[in-house]
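Input: a single structure, listed below in structure tokens.
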Amino acid sequence: MPNEPLSPIERARPVPKNLRPATLAVRAGQMRTHEQEHGEAMFITSSFVFQNAEEAAARFAGTAAGNMYSRFSNPSVRTLEARFAALEGGERALALATGMAAINTFILAHLSAGDHIVASASLFGSTVQLLTKFLPRFGITTTFVAIDDMPAWHAAITPKTKLLMVETPSNPCTEIADITALAELCKTAQTGDSRPWLMVDNSQSPGIQYPLALGADVVMNAATKFADGQGRVLGGLLVGAESLIEACYQYNRTTGASLSPFNAWVITKGLETLHLRMAQHAANAQSMAEWLEAHSKVARVFYPFLPSHPQYAMAKRQQTTGGALLSFCVKGGQAAAFRVINATRLVSITANLGDAKTTMVHPATTTHFRIGPDARARAGIGDNLIRLSVGLEDIADLKDDLARGLAAL
Ligand SMILES: *Cc1c(COP(=O)(O)O)cnc(C)c1O
């Protein structure tokens, strides 16, 4: 990795140690140039120049640190990586073009033909597709288990298991995984000459829970969601120990799912409002969840910080808030769910989540359509289920809109 020479400002005023996550999300990783700019500079360049042929040769030989080409490194991308690593409490981060690129890169950098994954049945739809449709072609197989069934996680581990994968809270049903217990399982499992790693997909919960502090080996974050937070760009991050991330860096510098410096800059600036936004997302979602639970046309609400949630106590231990995502079952089937969605006027009908704008989707026919009916049943995704990613609008307007929708039943 290239080392950034410190600017005169950083030399004169070194950054204090032991800063808290909300401060790190605003300030970590900035590398000022000699222009002494206050805002983070955007380095829109595909390559970098050398002073002479010797410098070029030294950089390519790896004997001198420095930038060469933006597939390998770029200062805007590096700023995001440093900020995200600090925020998640990891040694190092690697930024990639999308969340899926991050997952794919970790697996292909670390696993080989014959290796095995144990994964929660309630993973993001494209992750399930990757594990079931593509990776078996390369000899990497996956066993799916219920997110909260610890004996099943235990039993699924074989001598070839290299990775445990979980997303908590799950989407759309907000099931909670016990990160501490899964991390412990990885640390005690004897598989071949090493032990499996635990990857937590933390896309829903940056600033809400810190999986590395609970013992996870790697955090994956689809920055496309709450890290950007305004539905502008795609991006993904891996955070973990130096040795784990270095292997991903080496793999990606050849295979090239590198994050664009423009997107890196957008996400970096998004992080500056992360904690503020996540607090308001959660306040709105909590209020919406309680309101929906009391509504006569709603059969069931899934939200981690509702006392009716089966894993309420664990969610309270692991997360600072319930987050922005909730799902609810309307009374009736798919037709009833469609009627509710179609009668709203404000909330966006879109598959994306993690936006300032509230979004709504019918998972069984969209985000989780391609995983098929069996996988949907395993993940508890019924035909009457609607998912909301609660945004930052006035909560009274959001409730008015859902009331308008539910009045159609
Ligand atoms: C969106 C998402 C992903 C994939 O991110 P992309 O940037 O769309 O590739 C992975 N996991 C979760 C939980 C997500 O919400």
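The values are calculated or read from the model by the stated rules, or taken from the named source; none is laboratory data. These figures come from a predicted structure and were not determined experimentally. Positions of Cβ are generated from backbone atoms using ideal geometry, with glycine treated the same way; all protein chains shown enter the neighbour counts. These area figures cover heavy atoms from the full protein model, side chains too; ligands, DNA and RNA do not enter into them. Shrake-Rupley method; radii C 1.70, N 1.55, O 1.52, S 1.80 Å.
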Exercise for review: Scan 370, 376 and give me the residue that is farther than 19 Å from residue 297 by Cβ, open to solvent by 10 Å² or more (accessible area, probe 1.4 Å), out of contact with any Lys or Arg (no Cβ under 8 Å at 6 or more places or on another chain) and outside any loop (DSSP other than H, G, I, E, B).
Suggested key: 376
Exercise for review: Give the residue that is modelled with the lowest pLDDT, with candidates limited to residues of segment 84-130 that are more than 12 Å from the ligand (Cβ to nearest atom), in a loop (DSSP other than H, G, I, E, B) and more than 20 Å from residue 214 (Cβ to Cβ).
Suggested key: 121
Exercise for review: With respect to residue 383, determine if the residue is among the acidic types (Asp, Glu) and touching a Leu at 6+ places or on another chain (Cβ under 6 Å).
Suggested key: no
Revision key, fill the gap. Considering segment 16-47, residues that are open to solvent by 40 Å² or more (accessible area, probe 1.4 Å) and hydrophobic (A, V, I, L, M, F, W, C), and then whichever is nearest to residue 207 (Cα to Cα), we arrive at 22
Review point. Could you list, in sequence order, the residues of segment 384-409 that are in a loop (DSSP other than H, G, I, E, B), more than 15 Å from residue 302 (Cα to Cα) and touching a residue at least 40 places away in the same chain (Cβ under 8 Å)?
Key: 391, 392, 393, 407, 408, 409
Point to revise | Meets criteria (within 10 Å of the ligand (Cβ to nearest atom) and either more than 30 Å from residue 358 (Cα to Cα) or aliphatic (A, V, I, L, M) (or both)) for residue 216 | key: no
Exercise for review: Can you tell me which residue within segment 174-202, out of those that are within 16 Å of the ligand (Cβ to nearest atom) and open to solvent by 10 Å² or more (accessible area, probe 1.4 Å), is nearest to residue 318 (Cα to Cα)?
Suggested key: 175
Review point. Taking segment 237-255 as the region of interest, how many residues are within 16 Å of the ligand (Cβ to nearest atom) and farther than 18 Å from residue 208 by Cβ?
Key: 4
Practice item. Among the residues of segment 318-352, count how many are in contact (Cβ under 8 Å) with a residue 12 or more places away in the chain, within 16 Å of the ligand (Cβ to nearest atom) and surrounded by fewer than 18 Cβ atoms within 10 Å (Cβ to Cβ). Key: 3
Review point. Which ones in segment 254-290 are among the aromatic types (Phe, Trp, Tyr) and in contact with a Ser or Thr (Cβ under 7 Å, 6 or more places away or on another chain)?
Key: 265
Practice item. Taking residue 335 as meeting all but one of (1) among the hydrophobic types (A, V, I, L, M, F, W, C); (2) more than 28 Å from residue 270 (Cβ to Cβ); (3) modelled with pLDDT under 95, write down the number of the exception. Key: (3)
Revision key, fill the gap. Exception for residue 273 within (1) within 16 Å of the ligand (Cβ to nearest atom); (2) open to solvent by 10 Å² or more (accessible area, probe 1.4 Å); (3) within 18 Å of residue 80 (Cβ to Cβ) falls at (1)
Point to revise | Condition broken by residue 167, with the remaining ones in (1) within 14 Å of the ligand (Cβ to nearest atom); (2) charged (D, E, K, R); (3) without any contact (Cβ under 8 Å) to a residue 60 or more places away in the chain; (4) open to solvent by 10 Å² or more (accessible area, probe 1.4 Å) satisfied | key: (4)
